[in-house]
Amino acid sequence: MTDRDVTHRETPASGTGGGVVISVDAMGGDRGPAAVVAGMAESAAKNPEIRFIVHGDEAELRRLVGRRKALAGRCDIRHAGGVVTMDDKPSQVVRKGDGTSMWSALESVKTGEAGAAVSCGNTGALMALSMLRLRKLPGVNRPAIACLWPSLNPQGFNIMLDVGADIRADAHDLLQYALMGASYARNGLGLAQPRVGLLNVGTEEHKGRAELKQAQDLIMAATEAGRFDYVGFVEGGDLPSARVDVIVTDGFTGNIALKTGEGTAKLVGTLLKDAFANSIMSKFAALLAMTSLKRLQKRIDPRRVNGGIFLGLNGTVVKSHGSADATGVSAAIKLAFTLAKSGFQDRLAARVAQAAVAAAPDAEAAS
């Protein structure tokens, strides 16, 4: 972005009091910029360190931001007339994406103005533009999308990747996912020595495809350099368990698991609501259990874990659900803020490079 692209600036991007700057694509979500700005305001009200560069239609954003007291003096509005829709093909966006709010949001990360980007837009287009504008980290073949999965662990969540960046993954890709997932767990969840598991159809050594067995050998050889523990093969039932912190799989399997988990959470919520509304006695029981029910609802609410992070790029990008409301957008922004503040990107790049060099002899032997 150049100076002539800035049509309205309320405050410098770094904020008058410093802080962490998050670049936000305001135009890509299903609910429009109003929900995105509401999520920004919710985040700003909770955290005085956050500053924003928000990208989209300047006139509309000025109006929406002006209504939110929490955003006063904390937003840098950048005009971008184009919008990447959910129906746009990634190949088309790569060729014609310049001038869109998504492109502009990534540009702020590329130039170093912002520590991370957040978008509710088209996942495929966002990954394609991210790879084009930010490029892959040296040694990374396929970037991955990592998500948080509610679990029985003390931190409350496990990490799973890949959940949809690429449906394919060979043994070397799965090794990179393990390294990146472990780095994410250290910086995002505060785990000094994360436990990594490889998703398979069973925990027995003889089960699974050949590339999974090869990946297991590579991951085991990289534990010291990657500063993680390898727990072996894990099954679908282990995703929310306390046995593992990072679950590694290919994007096809991971995306199906993610969508299944989200659907199950909604089903449980609906069934509970129907059960307690069935009779006068059940309504009375619901009233007595209200505190516990609210705690459960909060624990399984998909909005709380909204935000898949793109790993393996020269910049931090968080993908929010396209249908996210203000609560969901706020959760994605919180994740972006946590990672940007921790210096996650620099640590991830260093860890991947170091571990890739250390694992090279083992990878060549396994091939």
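The table for this structure:
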item	result
Semi-axis lengths, Å, region 67-116, gyration tensor of Cα atoms, sqrt of 5 times eigenvalues	25, 14, 9
Value in Å of the Kirkwood radius, where region 143-224 supplies the Cα pairs that are averaged	13.4 Å
Highest average packing first - 117-127, 77-87, Cβ atoms within 10 Å	117-127, 77-87
Neighbourhood net charge (10 Å Cβ-Cβ; Lys/Arg +1, Asp/Glu -1) for ASN314	+4
Region 18-114: mean projected area of Cα convex hull, nm²	6.0 nm²
Fraction in percent of alpha-carbon pairs per bin - 10 Å, region 147-192	26, 51, 23, 1
Ratio Rg/Rh [Cα only; Rh per Kirkwood] for region 23-176	1.00
FRET efficiency for LYS96 and ALA353, using Cβ-Cβ distance with R0 set to 41 Å, rounded to 0.05	0.75
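The numbers here are math on the coordinates, done by the rules we state, and not lab data. Here the structure is a predicted model, which means the values were calculated and not measured. Every residue, glycine as well, gets a Cβ built from its backbone with ideal geometry; the counts of neighbours run over all protein chains shown.
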